[in-house]
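What follows is one structure encoded as structure tokens, with my remarks underneath.
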Amino acid sequence: MRERTPVFIALAAVLSMFLPAIAAASGDGGKRPGKTNPSAQVAHGKYLATVSGCHDCHSPKRFTDKGPVVDENRVLSGHPAEDKVPPVPKDLIAPGKWGGLFTGMLTAWAGPWGVSFSSNLTPDRETGIGGWTEAAFIKSIRTGRTPGGRPLLPPMPWQFIGRMTDRDLKAIYAYLKSIPPIRNMVPDPIPPK
Ligand code: HEC
């Protein structure tokens, strides 16, 4: 996997150009959250989640004449369960050929790792991260594993996101806990054939 890292960095760069609408979402103007001000912490988390690209992969999109934009009614709810993906054509993804494929919503990803689906990050208890503690959230992103211990698959860029400070990851967690819970059971990854 290690030699493929540059491809993912390039992909992330492409994605950020692909979804300019996300960049238009406003931040908190750089204000620092106070320790005792939960609403400032949530605002800081919203700002970080916006500028660090969580929506690129974790939010379903609406298709407009200007291209895909985040579906405000399904923010960060992951790959929609009803959005079935077609089988990956044989021999398309191989060394010297294509490195991967993704769906129009950028929520399902095929590569040498099989097919991965962006997780539901809303606070729904059953299908999202509603049951996760703050410590479990930070540990998952720092170690690149689900709380159950399964390694997180590409293209989740935990190697980079995991370098955020505790304060920033706590703020993202606080923001994620503040958004509406959406019931959406994201499919399990499909192992490579
Ligand atoms: C380039 C796409 C991409 C970006 C950007 C991205 N993620 Fe992910 N993320 C994924 C995918 C795909 C998975 C599922 C991986 C798997 O199933 O192993 C995932 C999984 C996760 C998980 C594990 C959830 C679970 O239920 O196990 C967390 C937590 C997470 N992402 C948080 C974030 C946050 C927070 C951001 C923004 C700071 C972010 N991700 C940005 C693609 C991305």
Tell me, what ³J(HN,Hα) does each residue in segment 44-59 have, in order and in whole Hz, if you take phi through Karplus 6.51 cos²θ - 1.76 cosθ + 1.60 with θ = phi - 60° and put x for Gly and Pro?
5, x, 5, 4, 5, 4, 5, 7, 9, x, 4, 5, 3, 9, 8, 9
Dividing the mean separation of Cα pairs under 8 Å (6+ apart) by the residue count of segment 59-193 yields a relative contact order in percent of 28
Quick one: order Lys139, Lys66 by neighbouring beta-carbon count within 10 Å, fewest to most.
Lys66, Lys139
Where does each of 102-109, 87-94 land if you order them by average Cβ count within 10 Å, highest first?
102-109, 87-94
Can you pull the one-decimal nm distance between simple spin-label points at Asp166 and Asp91, each 7 Å off the Cα toward Cβ?
5.4
Search the structure for amide H atoms under 5 Å from the amide H of Arg145, placed 1.01 Å from N in the peptide plane, and list their residues when 5 or more places away or on another chain.
Leu152
Relative contact order of segment 116-193 (C-alpha contacts under 8 Å, at least 6 apart) in percent is 46
Cα-Cα over 20 Å, subset of Lys84/Lys193; Lys139/Lys193; Lys84/Lys139; Lys61/Lys97; Lys46/Lys170; Lys97/Lys193
Lys139/Lys193; Lys84/Lys139; Lys61/Lys97
Considering Cα pairs under 8 angstrom that are at least six residues apart, work out the relative contact order of segment 129-171 and quote it in whole percent.
37
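No lab work stands behind these numbers, since they all come straight from the coordinates. As the structure is a computational prediction, the values presented were derived from the model and not from experiment. Methodologically, a virtual Cβ is constructed for each residue, glycine included, from the backbone with ideal geometry; neighbour enumeration extends over all protein chains shown.
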